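Just so it is clear, none of the values below were taken in a lab; they were calculated from the coordinates. Quantities reported herein were computed from a predicted structural model and do not represent experimental measurements.
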Amino acid sequence: FLETAAYFCMKPKMGEKEVSPHSFFSIWHEFSSDFKEFWKKENKLILQERVKEAEEVCRQKKGKSLYNIRPKHDSGIVSKKRCYT
């Protein structure tokens, strides 16, 4: 624990000889909860951007037809019946 506190340059509070786990983890808890909030907000923004991009792609594809519709030609028994009547 002390090595970890030293790695993060944590210094003891006034009147204490060493960094206590309570003081270290109270700061760590604040940091991690703030980070979690920012992470959620950033992910939400990224998701909204991707949805907008996908909607734009759909609009562009709807404007262009991906297939051609050809008129139906009469063939087979039905067309032969029409010719004889």
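The table for this structure:
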quantity: Potential lengthening between Leu47 and Lys61 on full extension [0.36 nm per residue; Cα-Cα distance subtracted]; calculated: 2.9 nm
quantity: Gained length - Thr4 relative to Ser23, 0.36 nm times residue gap less alpha-carbon distance; calculated: 5.5 nm
